[in-house]
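For reference, the structure is listed below as structure tokens.
Quick note: the coordinates plus some simple rules give every number you see, no bench work behind them. None of these values were measured; they are calculated from a predicted model. As a convention, Cβ positions derive from the backbone with ideal geometry for all residues, glycine included, and neighbour counts pool all protein chains shown.
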Amino acid sequence: MVSLNVYSILVVLFLTCGTVMATKENDQIIKESNCETKTGLPYVLEAFTSIFITGSILNKCCSELVVLGKVCHSVLVKRTLENPLFKDLNPATIIAKSIKTWNNCLALIDSPSPSA
């Protein structure tokens, strides 16, 4: 269960610590778009884990990610990358994973459900 604790810590950092380090532009976008209140913590955790660790995301979380919106998704990822705790990560790699996650979720949501 250590990994669950690590994920929980990462999400808390994603939602809180980045605020101090975020640029004014990102902060303004996040505030104006209500990015931090549009989806629940379990979905944020799943999306964050997908982008920064595993590369996979549950279908339900994809739905929530799309509801969050591309602007909020992008700005929250960028804000997280500004946090000194993530200084060893390659921003280009994380942004690419972020885009891939977004596109995969969008395709999943836009595609018709298979009939049984």
Completion exercise
Going through the stretch 67-105 in order, the residues found to be farther than 25 Å from Glu32 by Cβ, among the charged types (D, E, K, R) and surrounded by 13 or more Cβ atoms within 10 Å (Cβ to Cβ) are Lys97, Lys100
Practice task
Pick out the one residue from Glu46, Glu64 that is under 12 Å from the mean Cα position of the chain (by Cα), surrounded by 19 or more Cβ atoms within 10 Å (Cβ to Cβ) and without any contact (Cβ under 8 Å) to a residue 24 or more places away in the chain.
Solution key: Glu46
Practice task
Scan the stretch 67-85 residue by residue and report those that are without any contact (Cβ under 8 Å) to a residue 60 or more places away in the chain and of a type in the set (A, V, I, L, M).
Solution key: Val67, Leu68, Val71, Val75, Val77, Leu81
Problem - Whichever residue in the stretch 49-61 is within 21 Å of Ile109 (Cα to Cα) and β-branched (Val, Ile, Thr) and, among such residues, is surrounded by the most Cβ atoms within 10 Å (Cβ to Cβ) - result: Ile51
